[in-house]
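What follows is a set of notes on a single structure, which appears directly below.
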Amino acid sequence: MKTTGDWWRDRCTARQLTLVMLILSTAGLRAQAPPAAGPESGQAGPALVARAAEVASVWRPDQRLYVKGNLGVGASPLAEFEQWLDTHAAHWVVVLVEQADDERYTDAEGRSYQGVEAVSQALGKGLMNQTAFGQQSHPRTGERDAAFFVLHLKERRLSYYGSEAQDRRGLGEEQWIGNLDGPAIAAMRSGGRVLDAARDTITHISRQLGARYQDLAQRPSATAARSSLESASASLQSARASHRRADSGYAAQLIAATRALDTVEASLAAAARAAQTRRTLAGVGGLAGLLSLLAVGLVLNRRRLPLKTAAEALCATWQRGLDEKKDALTQLLDRRATVIGLSRDEAAQRFSGETLRLGEQIIQDVDQLFNRSPRCSGRVWLRSESESASCNSGSGENPESPVQKVKLIPPVRKTDSPRSTVADLAPARCE
């Protein structure tokens, strides 16, 4: 028969048994709870993988964040980061690894890799070359621009791999250490911010890539050729380094270098065509400018042509008048020599008295007229030529034109012949 103590002991044992069963049931429910979003879950969030080297085999176009192990980051920040990648980094894959001690990878040529190097080789050769991820291209240039970022938490290692778009613009893996890895290192040193390391790296590289695309669109094709040539040189250096390490990846790098050289040739051809076009346009522009000047000259010449014609006509009239005066003066000299004589002595031999006085006066007047006539005619002619030149250089509507200031009056031809002046001096008979 059970005593009170036995009953109490049995009751406590039953309570303990019930409590233990309850705890085990709760643990079982937790064990059966669905894991975080993975490749098969279809939920927005990171894909949990057992091996980072196996990402290529589980990659999906709608999944960009792959996590191995415990990173010390909650599920909500990881899900938010996956959404950020979907929006801002559609051509990126981010792999976050707690530790890589158990990572193994063997490539197609039978070479085996372990640890961090195994993850890098698996992503570089498998993900980039054996899946559609590596074939993603920039919508404007058609260049492959897929890239991935890997963070090894325990090993404190950061890795990055780009494609043609990054390599050709100095943003490839050759520029990673000491240059492009700056934002990731800063984030890890300031509190081990794993997600910020990946986010800042992607933002930094994408911003620089966009800026260089913009520069390429604004600068001439020769600048693009220089950039492609630098990319080809970098690809050749990478291929040489890979070949020295017996890495089969050098073949892909040689292909990238060849494509870069093709781009150089195309850019140089485009630059040559652009230069020829500029020269043609410059020639056409120069010819158009010359024709414009000729047209302006013709218009101005037509505007001043009436005044020029009038001035030339006046000059011709004055020239004819002066020539006639010179001829009359010559005839007057001849008539004086015939009637009176060339000097006073000859006149004294022919005349006397008042007739002699008038003859001497005529000889003096004709001599003065002969001496002054060249100076006067020359001065008038020079003035008429000056007026004509002013008309030629001036505008037809210029109110200050010298031709309009000075009115040239054509010479008035006298009806009296110079011969009649001396004809009245008939020789008088000396008494």
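The values are calculated or read from the model by the stated rules, or taken from the named source; none is laboratory data. Computed from a predicted model, the values in this text were never measured in an experiment. Methodologically, a virtual Cβ is constructed for each residue, glycine included, from the backbone with ideal geometry; neighbour enumeration extends over all protein chains shown.
The single condition from (1) modelled with pLDDT of 90 or more; (2) in a loop (DSSP other than H, G, I, E, B) that E40 fails is (1).
If the condition is being farther than 12 Å from L195 by Cα and touching a residue at least 60 places away in the same chain (Cβ under 8 Å), then the stretch 60-85 contributes P61, G69. Total residues in the stretch 171-193 satisfying the condition of being surrounded by fewer than 17 Cβ atoms within 10 Å (Cβ to Cβ), part of a loop (DSSP other than H, G, I, E, B) and either in contact (Cβ under 8 Å) with a residue 12 or more places away in the chain or not assigned by TED's automatic domain parsing to the domain that holds V95 (or both): the figure is 1. Quick check: is even one residue across the stretch 274-284 touching a helix residue (DSSP H, G or I) at 6+ places or on another chain (Cβ under 9 Å), surrounded by 15 or more Cβ atoms within 10 Å (Cβ to Cβ) and assigned to a helix (DSSP H, G or I)? No; the residues of the stretch 274-284 include none that is touching a helix residue (DSSP H, G or I) at 6+ places or on another chain (Cβ under 9 Å), surrounded by 15 or more Cβ atoms within 10 Å (Cβ to Cβ) and assigned to a helix (DSSP H, G or I).
The set of residues in the stretch 93-146 that are among the aliphatic types (A, V, I, L, M) and within 21 Å of S248 (Cα to Cα) comprises A108, V116, A118, V119, A122, L123, L127, M128, A132, A146.
Among the residues making up the stretch 239-259, those that are closer than 18 Å to R144 by Cα and modelled with pLDDT of 75 or more are A251, A252, L254, I255, A256, T258, R259. State whether the residues of the stretch 197-208 include one that is modelled with pLDDT of 90 or more, surrounded by fewer than 16 Cβ atoms within 10 Å (Cβ to Cβ), β-branched (V, I, T) and out of contact with any His (no Cβ under 7 Å at 6 or more places or on another chain). Checking the stretch 197-208: at least one residue is modelled with pLDDT of 90 or more, surrounded by fewer than 16 Cβ atoms within 10 Å (Cβ to Cβ), β-branched (V, I, T) and out of contact with any His (no Cβ under 7 Å at 6 or more places or on another chain).
One line per residue, one yes/no per condition, for (1) in contact with a strand residue (DSSP E or B) (Cβ under 9 Å, 6 or more places away or on another chain); (2) farther than 22 Å from G172 by Cβ; (3) assigned to a helix (DSSP H, G or I); (4) touching a residue at least 60 places away in the same chain (Cβ under 8 Å):
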{"position": "D101", "(1), (2), (3), (4)": "yes, yes, no, no"}
{"position": "A108", "(1), (2), (3), (4)": "no, yes, no, yes"}
{"position": "V119", "(1), (2), (3), (4)": "yes, no, yes, yes"}
{"position": "G124", "(1), (2), (3), (4)": "yes, no, yes, yes"}
{"position": "L127", "(1), (2), (3), (4)": "yes, no, yes, yes"}
{"position": "P139", "(1), (2), (3), (4)": "no, no, no, no"}
{"position": "G142", "(1), (2), (3), (4)": "no, no, no, no"}
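Within the stretch 304-336, restricting attention to residues that are small (G, A, S) and farther than 23 Å from N371 by Cβ, the residue that is surrounded by the most Cβ atoms within 10 Å (Cβ to Cβ) is A311. Residues of the stretch 154-166 include at least one that is part of a loop (DSSP other than H, G, I, E, B), within 18 Å of R51 (Cβ to Cβ) and either among the acidic types (D, E) or under 36 Å from the mean Cα position of the chain (by Cα) (or both).
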